[in-house]
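Have a look at the structure below before the remarks.
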Amino acid sequence: MDLVLTPARFVVAAALAALTAQACAAGNAAAGQDVFAEHCAECHSAKDGKHKKGPSLFATLGRPAASLPGFANYSAALKASGKTWTPDALDAYLTNPKTAVPGGTMKYDGLADAKARADLIAYLATLK
């Protein structure tokens, strides 16, 4: 696959980025709480300092990845990713964690539904 960024690919990438940002802005936090319960709550808590198999997702937005004190099981790949959990970074990660962070250890295949992701991100934004 040719990974050269041609003008046409740039336009497509910019359009997709705009749609992602728009989807995040359009998220419904109440619906996102249901998405969290169905897709995330088995392994993650929404409470500050309460960890499960995965780290608490309290105050995730704006935080550097793999930086939560008190959680020691981050993968080396996530620690080295340099990511900050912006809405766009979360959207990409939730779409396909294994593509967003190759070598990561989250045991989740991803959430294909863009509206559900936007709702989930809107819910995570309320956890402060």
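The values are calculated or read from the model by the stated rules, or taken from the named source; none is laboratory data. No experiment lies behind these values; they were computed from the predicted model shown. Backbone-built Cβ (ideal geometry, glycine too); neighbour counts: all protein chains shown.
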Within the range 35-64, how many residues turn out to be surrounded by 14 or more Cβ atoms within 10 Å (Cβ to Cβ) and in contact (Cβ under 8 Å) with a residue 24 or more places away in the chain? 12
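Restricted to the range 1-28, and to residues that are among the β-branched types (Val, Ile, Thr) and over 30 Å from residue 73 (Cβ atoms), which residue is modelled with the lowest pLDDT?
Step by step, filter the range 1-28, then rank; the result is 12.
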Taking first residues from the range 106-128 that are farther than 12 Å from residue 40 by Cα and second residues anywhere that are β-branched (Val, Ile, Thr) and in a loop (DSSP other than H, G, I, E, B), the pairs with Cβ under 9 Å that are 6 or more apart or on different chains are 125/60; 127/60
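Would you mind listing the helices (runs of 4 or more DSSP H) fully within the range 53-127 where at least 2 residues are among the charged types (D, E, K, R)?
Working: elements: 76-80, 87-95, 97-100, 114-126.
Those helices (runs of 4 or more DSSP H) span 87-95, 114-126.
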Subset of the range 73-83 (residues that are loosely packed, with under 14 Cβ neighbours inside 10 Å and either of a type in the set (Ser, Thr, Tyr) or in contact with a His (Cβ under 9 Å, 6 or more places away or on another chain) (or both)): 73
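Within the range 33-67, restricting attention to residues that are basic (Lys, Arg) and within 18 Å of residue 122 (Cα to Cα), which residue is nearest to the chain's Cα centre (by Cα)?
63
Before we move on, is residue 31 at pLDDT below 95, outside any loop (DSSP other than H, G, I, E, B), aliphatic (A, V, I, L, M) and surrounded by 15 or more Cβ atoms within 10 Å (Cβ to Cβ)?
Details: at pLDDT below 95: no; outside any loop (DSSP other than H, G, I, E, B): yes; aliphatic (A, V, I, L, M): yes; surrounded by 15 or more Cβ atoms within 10 Å (Cβ to Cβ): yes.
In short, no.
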